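The values are calculated or read from the model by the stated rules, or taken from the named source; none is laboratory data. Being a predicted model, the structure only gives us computed values, none of them experimental. A quick note on method: Cβ atoms are made from the backbone with ideal geometry, for glycine too, and the neighbour counts reach across all protein chains shown.
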Amino acid sequence: MIKKLLVVAVSAISLFAMGGPSLVETTKLIKGEVNPIQEFVGTLNFDKSSILAAQNSGIIKKIYFEVGDEVKKDKTLVQIDSDLLDAQIKALKANLDAAKDTLTNSSKDYQRYKKLLESNTITQKEYDDALLSKNSSDSNVKALEANLKELQIQSYKKSIKAPYNGTVVEKNVNLGEWVSAGTAIAKIVDTTKAEITFNVPLNVFNGLRKGDVYEINVGDTILKATLSAAIPQGDKLTRTFPIKFKADLDKVFVFDGQEAKVNLSKNAIMEGLLLPRDAVIKRFGQNVIFAIDDKMIAQMIPVQIVGYMGTQVAVAAQGLVPGMDIVYKGNERVFPNSPVKIINKNK
């Protein structure tokens, strides 16, 4: 059934394209030397994964999430009971207001006594007592402000918030449960970015460059991933080295711990049939090239990529021979069995 649908789709595309030849540039398929590629299997993990814990003790008063919820940064997930703390804050604010009034009055008295001392109306001791009262009131205000700030920080920590946009994957508490400082509350992951790790031998490790972009297969999805780290610390048993890729997961469903596959070049040489990398494109979920026959018709040929060398790629497929004309520019506009017109000097 799938083959029949594919034939119908290809036929329909070909008929649509027959309205006129596509303008293309071609290159000759040549023999040359390339670095062979090898498939490696690794593991995908979400780039951020955090276990949220209580920072002080209390009873779970409210829970604002369920497992699987997508949450925004700073969204409150759990509220720990803070009634006693709130009462302490309220009382301390009242004491602070009274202390500020006392400071205002003692500051006024000090300014008055200062002028009286300058006119020799009061003794030095009376002036010193006024200064001491003002300084004592000031210190009391500062101490109460520090205590209030400490309680407010404790109160803030009674609310456990999401540290970033993510998805809740674990829930570890229930309503009314007592928790101590350090008790795990929930686990949240950032499902928009992934880190993918592979272990490769030295002959592959040495040929990698940080910042290069690779295609990584995860299930039925192909991710464009950037090589972020090649770690020069080998496994003594397997003689391999870890490499890490970063990838964005915009509207892509994957799961933590999922298997990933990547093709990487060995630091070795083999002979193969070479083309510019742009000559190979994706059609119907596979790598293909377009060969031009003597009637100027494009023939789509599925190929296997077997190696790379700079801007060249080595391909293998039944029927490929050196000297064939292959489309390398304009192939995105070419359809199977459609007419083409070559505009470069290859012909």
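Taken as a whole, the structure leaves VAL24 outside the set of residues that are buried (at least 18 other Cβ atoms within 10 Å of the Cβ), at pLDDT below 90 and in a strand (DSSP E or B). Screening region 145-234 for strands (runs of 3 or more DSSP E) wholly inside it with 1 or more residues that are in contact with an Asp or Glu (Cβ under 7 Å, 6 or more places away or on another chain) returns the ranges 159-161, 166-171, 184-201, 221-230. Contact map, region 89-103: first residue under 15 Å from ASN147 (Cα atoms) and not assigned by TED's automatic domain parsing to the domain that holds ASN135, second residue at pLDDT 95 or above and of a type outside the set (A, V, I, L, M), Cβ cut-off under 7 Å, separation 6 or more or different chains; the map is empty. Only a single criterion out of (1) exposed (fewer than 12 other Cβ atoms within 10 Å of the Cβ); (2) not assigned by TED's automatic domain parsing to the domain that holds LYS75 is not satisfied by GLY176, namely (2). Flag set for ASN174, criterion: closer than 19 Å to LYS62 by Cβ and of a type in the set (S, T, N, Q). For LEU202, the conditions (1) at positive phi; (2) outside the structural domain of ASN56 (by TED's automatic domain parsing); (3) over 25 Å from the mean Cα position of the chain (by Cα) all hold with the exception of (1). Which residues, taken from region 23-74, are among the β-branched types (Val, Ile, Thr) and under 30 Å from PHE290 (Cα atoms)? Listed by number, the residues that qualify are VAL24, THR26, THR27, ILE30, VAL34, ILE37.
Would you check if there is a residue in region 85-101 being modelled with pLDDT of 95 or more, more than 31 Å from the chain's Cα centre (by Cα) and acidic (Asp, Glu)? Yes, because at least one residue in region 85-101 is modelled with pLDDT of 95 or more, more than 31 Å from the chain's Cα centre (by Cα) and acidic (Asp, Glu). Residues that are closer than 11 Å to VAL141 by Cβ and of a type in the set (A, V, I, L, M) were ranked within region 94-130; the one that is surrounded by the fewest Cβ atoms within 10 Å (Cβ to Cβ) is ALA98. Within 30 Å of THR226 (Cβ to Cβ), β-branched (Val, Ile, Thr) and out of contact with any helix residue (DSSP H, G or I) (no Cβ under 9 Å at 6 or more places or on another chain): does that describe THR197? Spelling it out, THR197 is indeed within 30 Å of THR226 (Cβ to Cβ), β-branched (Val, Ile, Thr) and out of contact with any helix residue (DSSP H, G or I) (no Cβ under 9 Å at 6 or more places or on another chain).
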